[in-house]
Amino acid sequence: MPEDFRYASIVLDTHLDKPLDYALGDFANVAEPGARVLVPLKGHLRKGYIYKLHNRPEVDKIKPILKIFPKERNISSKLFELALWMAAYYASPLSKIFSCMVPTSIRKEIQPKAVWLTLAKGKEKTLSFLPELRYKAPIQAEILEKLLQSPKGLFQKDLPAHAVRSLLQKKLLSAKKVSGSDDFLFEEEFFPTKPKSLNFEQQKALTAIEATMEKGIFETHLIFGITGSGKTEVYMQAIEKALSLGKKALILVPEVALTAQAIQHFRARFSQKIAILHHRRSHGQKAEAWESIQRNEAKIILGARSAIFCPATDLGLIVIDEEHDSSYKQEEEAPTYHARDVAIMRGSLENVCVVLGSATPSLQSFYNASKGKYRLHTLSHRATSSLLPQVTIVSMKEAWEQAQGFTHFSKELIEGIKKRLPQGEQTLLFLNRRGYYSSQCCPSCSYVKGCPHCDISLTFHKQDNFLSCHHCGYRTEPLRKCPECGSEILTFKGFGTEHVERSLKGLFPDIRTLRMDRDTTKTKDAHEELINRFRTGKADVLIGTQMIAKGLHFPHVTLVGILQADTMLSLPDFRASEQVFQLITQVAGRSGRGDIPGEVILQTLLPKNATIQLAAGQNYISFYDQEIRMRKTYGYPPFCKLIKLLFTGKDAAKVEERAQAFRKEVLRHSPLFLECFPVLPCGYAKIKDNFRFQCLIRCFQILPLTTRLLSLKEQFSWNKVRLLMNIDPMSTFF
């Protein structure tokens, strides 16, 4: 590092978007971009990262840097390079990039506070105390019995505090502070598995991936494999290769629900420490995982979207499973990054092999593979002897005529469920709408009870008897009379998973059901608990939203019922057909993954629709050919780039006025390659008391434009209106 640099621009952990200059002083010889520092700001101490070193401060009076933290707190040079690219591409200040890259627990140095309890006197001695405790202190006795069943121990937070204190005083328990991580709980009860024999297609893909890793070069591989084709086994054998080369492997999955299943697979296969990163983990768990990666203890990193920023050095492999999934895209706040695209850029910067996998690749990825930008590997057969399920398309118009009214279940679906119950086979029912009813309304004047804070109707939840907004969380009691016309005759419309569950029990009173949606998975370990209960045969039917549609492996599921598969097709969004095709194909692929052939009943009001027909046949290539022609004709991605300018604020008129004014500025300064569409209300025109307007920009080069947009945004007068620049948006409607 040249010694003549005397100043540094610091990006602070605050809401300040611009870096501030500080004097290096005695730290001139050790300062470098990405270093973690402590600086004074308006009488307070603030932390931040060095952005750049220079000799030309913008102000005369420069305060000194007070401290440079140990290198473990730095952002590595490669991640810093990635941050600079993200700031430019996603038109986002570096302060937001860094806060996205580094977990709060690391930036704020949050110390874990978990307490781990174990038996202090051994099994036999503890048993001798139980008879008296059962009589005098039954809660204490219950705690000891739980610990006898869990000899490794339990977290104190999961047990009654007063009873624990008494047992500690009696010296029947031992307590120690731990990191807050429960990773070591996964180390037991896993039967080691060995690599499976690969078929020709799997081996061909693996050989190509291994060759890329051996060369130590960057290359992107797309594994296009039908559901059940053994993509996970290819991933795991590729990970083994990376480990044998002394490299680390990073695996991303789209949903927290899939993380638990992946943990089981990887712990059974690999003896190496696995670091787990996703938003459901506590601060202590995230901190420990992060630090274990920095200490080179964890060789395998598994996580959701934000795990792409893990501080791993010597990466040999990055895997993005279900790469098409919209969960990889951050839409609600800056930076609006897509983890798949960031992974590819990170691979390029660090010479890492990147593997994308999906049964329904995004059109963008498959187009890149067709043009030779990615290497394409096709897995056209299921890895086991199981075949793709037989799909039957059922017209719900005809089903309603036969039932002489509305029904969730066609005759074919009812017969399918009835057939499987005595045989011990399981059924999956998919409906991408939770709650009991979608809305409460007045048939006299057509009034619909809406959320006072959002531009959507309230969903009725029968179990708790309340109306709820699924965007802001607002709750209220159901209406007793119409506030518009005073009518006391009110009805409900639309149905969700809760209604489906109750209706199913009406048909089959003894049926065992589980429901998996946001209402039933609010607690920390709910996903894993529900999945394990279903996998171990504790229920005959699993009813759920899109969280059950992807990646999950249930060998005993031989029937999948898809209810209302076509609702998204009516949305005015160029990706609607792609998302419907992906959803149907993915959920259909959960059937028949074991030894017994599977069946899918696809219920729809649009049985002749081309997307429905192609999804039923899992015919991705024909769907891709049809869709890519449409995209090219109308100039949609991947034949262009899109930017969605989202304007929000409390005053609708002011938001629209600022949006129109900003669009005018964009057009005034725009290059020839830009097309700026009119300002329109969003599909959801109000969310959380904020009115929402959007303006789409179509262009062919992102980087020159984002730089200009960011500059315009900084110069513009906003007056309590906010602008979010969503680069490569997943939806042009919401």
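The values are calculated or read from the model by the stated rules, or taken from the named source; none is laboratory data. Note that the structure is a prediction, hence the values are computed from the model and not measured. Don't worry about glycine lacking a Cβ; one is built from the backbone with ideal geometry, like all the others, and counts go over all protein chains shown.
When the range 118-138 is examined, which residues are found to be closer than 30 Å to H283 by Cβ and at pLDDT below 85?
Once the filter is applied, which keeps residues that are closer than 30 Å to H283 by Cβ and at pLDDT below 85, the range 118-138 yields nothing.
Looking at (1) in contact with a helix residue (DSSP H, G or I) (Cβ under 8 Å, 6 or more places away or on another chain); (2) under 21 Å from K108 (Cα atoms), which is the one condition that is false for S76?
Unmet for S76, out of (1) in contact with a helix residue (DSSP H, G or I) (Cβ under 8 Å, 6 or more places away or on another chain); (2) under 21 Å from K108 (Cα atoms): (1).
Here is a check on your reading of the model: is G424 in the same structural domain as G589 (by TED's automatic domain parsing), in contact with a His (Cβ under 9 Å, 6 or more places away or on another chain), assigned to a loop (DSSP other than H, G, I, E, B) and not polar (S, T, N, Q)?
For G424, the condition - in the same structural domain as G589 (by TED's automatic domain parsing), in contact with a His (Cβ under 9 Å, 6 or more places away or on another chain), assigned to a loop (DSSP other than H, G, I, E, B) and not polar (S, T, N, Q) - is met.
From (1) in a loop (DSSP other than H, G, I, E, B); (2) aliphatic (A, V, I, L, M); (3) farther than 28 Å from G683 by Cβ, pick out the condition that doesn't hold for L479.
Condition not satisfied by L479: (3).
Can you tell me which residue in the range 322-334 is nearest to the chain's Cα centre (by Cα), limited to those that are surrounded by 24 or more Cβ atoms within 10 Å (Cβ to Cβ) and under 20 Å from F734 (Cβ atoms)?
Filtering first and then ranking leaves Y328.
Any residue at all in the range 636-658 that's in a strand (DSSP E or B) and of a type in the set (G, A, S)? Give the derivation first.
Taking the range 636-658 as the starting set, the residues that turn out to be in a strand (DSSP E or B) are 641-649.
Retained after the next criterion (residues that are of a type in the set (G, A, S)): 649.
Yes, some residue in the range 636-658 is in a strand (DSSP E or B) and of a type in the set (G, A, S).
In the range 38-76, how many residues are assigned to a loop (DSSP other than H, G, I, E, B), aliphatic (A, V, I, L, M) and in contact with a Phe, Trp or Tyr (Cβ under 7 Å, 6 or more places away or on another chain)?
Counting residues in the range 38-76 that are assigned to a loop (DSSP other than H, G, I, E, B), aliphatic (A, V, I, L, M) and in contact with a Phe, Trp or Tyr (Cβ under 7 Å, 6 or more places away or on another chain) gives 3.
Go through the range 440-474 and report how many residues are touching a Leu at 6+ places or on another chain (Cβ under 7 Å) and either at pLDDT below 90 or part of a loop (DSSP other than H, G, I, E, B) (or both).
The total comes to 5.
For the range 500-514, state whether one or more residues are in contact (Cβ under 8 Å) with a residue 12 or more places away in the chain, crowded, with 20+ Cβ neighbours inside 10 Å and in a loop (DSSP other than H, G, I, E, B).
No, the range 500-514 has no match at all.
Taking the condition charged (D, E, K, R) and over 26 Å from the mean Cα position of the chain (by Cα), does K650 pass?
So K650 fits the description; yes.
Residue-by-condition table, conditions (1) of a type in the set (V, I, T); (2) within 29 Å of Q546 (Cβ to Cβ); (3) out of contact with any Cys (no Cβ under 9 Å at 6 or more places or on another chain):
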position: T232; (1), (2), (3): yes, yes, yes
position: M236; (1), (2), (3): no, yes, yes
position: R281; (1), (2), (3): no, yes, yes
position: E288; (1), (2), (3): no, no, yes
position: S326; (1), (2), (3): no, yes, yes
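Please go through (1) without any contact (Cβ under 8 Å) to a residue 40 or more places away in the chain; (2) more than 19 Å from D4 (Cβ to Cβ) for G34 and return the number of the only condition it doesn't satisfy.
(1)
Looking at the structure I just gave you, is R698 free of Cβ contacts under 8 Å to residues at least 40 places away in the same chain and either in contact with an Asp or Glu (Cβ under 8 Å, 6 or more places away or on another chain) or within 23 Å of H338 (Cα to Cα) (or both)?
So R698 does not fit the description; no.
Answer with yes or no whether H324 is over 17 Å from Q261 (Cβ atoms) and touching a helix residue (DSSP H, G or I) at 6+ places or on another chain (Cβ under 9 Å).
yes
Return the residue satisfying two criteria in turn: it lies in the range 199-224 and is aliphatic (A, V, I, L, M) and assigned to a helix (DSSP H, G or I), and of such residues it is surrounded by the most Cβ atoms within 10 Å (Cβ to Cβ).
Filtering the range 199-224 down to residues aliphatic (A, V, I, L, M) leaves 205-206, 208-209, 211, 213, 217, 222-223.
Adding the requirement that they be assigned to a helix (DSSP H, G or I) leaves 205-206, 208-209, 211, 213.
On the way: A205: 28, L206: 23, A208: 15, I209: 26, A211: 13, M213: 20.
Result: A205.
Give the residues of the range 226-249 that are surrounded by 24 or more Cβ atoms within 10 Å (Cβ to Cβ), outside any helix (DSSP H, G or I) and in contact with a Gly (Cβ under 7 Å, 6 or more places away or on another chain), sorted by residue number.
T227, G228, K248, A249
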